[in-house]
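Single-structure report; data block below.
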Amino acid sequence: MIREHFEIKQTAVTIISERKFIRVAKEAIFDARSQIEKKILRDPFFGITYEPYAASDGDDIVIRRMCSSSLSASVGPMAAVAGAIAEYAVQKMKDNGAEYAIVDNGGDIALICDRDVRIGMYANVNGEQLSLKIPPTCEIIGICSSSASIGPSVSFGRSDISTVISNDVSLADACATALGNMISGRDNMEEHLETICKIEGITGCLAYCDGMLGMCGDVPELVSCGTNDHIITKLFYDNS
């Protein structure tokens, strides 16, 4: 398997698959970004609103997914942008024959795998680094995270990490943002995890805040892992 870091403007991804599928993923990412950029040119409000946003007739598939997720999670459509791009890329890889494909778009991950995969959580949980152990699956899975303490994304909450799992990757991304916005401390964590888990299409979710780890729904096995900060997906260059 090949691991390749790839950047275009604000998008920074890590792609892991057989070499022949890396180019497929890159082309899909260009295509997805083009769909989003065209939408913002037509309607700049799409790119800045924090409110739910409905799709319009004629919108491309990536835009429709972002809008659907926006409505389900009660957040702006750009809260689903990273997951939507990752999902689009993995779907194209799968369509071209890939059985093992991971696209990590800044911590919002889409994948299919023919063997166990460990997805690290970039958060120190009670002094321990943890990862989610994902069993083999031919269905695309989304594992998306939001954090108030790590990374550049906007969060109105206080969780160190809020992670949502779904077969709809853009929905997982939007709901991770929503969950992160909701959690202001350990006292309200349980109710907000349950709220997110009740959204149609969500498999499970977890969050860590104020020294407490909470989970709801069907969450993959948590296992210990080492620290690998050098493989964290982030922007290394000024691509503006």
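So here's what we get for this one:
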{"item": "Accessible-area ranking of Cys67, Cys138, largest first, probe 1.4 Å", "result": "Cys138, Cys67"}
{"item": "nm² value of the averaged projected area, convex hull over the Cα atoms of the chain", "result": "12.0"}
{"item": "Estimated 222 nm signal from helices in the chain, with DSSP H stretches of n ≥ 4 weighted -39500 (n - 2.57), rounded to 500", "result": "-10000 deg cm²/dmol"}
{"item": "Signed unit charges on C-beta, dipole axis of the chain, positive-most listed residue Gly47, Ser166, Leu213", "result": "Gly47"}
{"item": "Rh by Kirkwood over Cα pairs, then Stokes-Einstein D for the range 45-105 at 0.692 mPa s and 37 °C, µm²/s", "result": "269"}
{"item": "Asp43-Val219 pseudo-label distance in nm [points 7 Å out on the Cα-to-Cβ vector]", "result": "3.6"}
{"item": "Cα gyration tensor, the range 28-132 - rounded (a/c under 1.5), prolate or oblate", "result": "oblate"}
{"item": "Label zone at Ile8, where the point sits 7 Å out along the Cα-to-Cβ direction: the range 82-112 residues whose backbone N lies under 11 Å", "result": "89"}
{"item": "GNM result for the chain, Cα springs below 10 Å: residue of Thr203, Thr49, Thr14 fluctuating most strongly", "result": "Thr49"}
{"item": "Probe 1.4 Å, accessible area per residue of the chain, Å²", "result": "48"}
{"item": "Residue among Lys38, Lys94, Lys26 with the largest mean-square fluctuation in a Gaussian network model of the chain, springs linking Cα atoms under 10 Å", "result": "Lys38"}
{"item": "The chain, relative contact order [Cα under 8 Å, separation at least 6], %", "result": "18"}
{"item": "Highest-first arrangement of 112-119, 179-186, 168-175, where packing means the average Cβ count within 10 Å", "result": "168-175, 179-186, 112-119"}
{"item": "Carbon + sulfur, % of accessible area of the chain - ligands and nucleic acids excluded, 1.4 Å", "result": "48"}
{"item": "Pairs of Cα atoms farther than 16 Å apart, the range 14-89, %", "result": "48"}
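The values are calculated or read from the model by the stated rules, or taken from the named source; none is laboratory data. Note that the coordinates shown come from a computational prediction; the quantities given were computed from them, not determined experimentally. Positions of Cβ are generated from backbone atoms using ideal geometry, with glycine treated the same way; all protein chains shown enter the neighbour counts. Note: areas computed on protein heavy atoms with side chains; ligands, DNA, RNA excluded. Shrake-Rupley method; radii C 1.70, N 1.55, O 1.52, S 1.80 Å.
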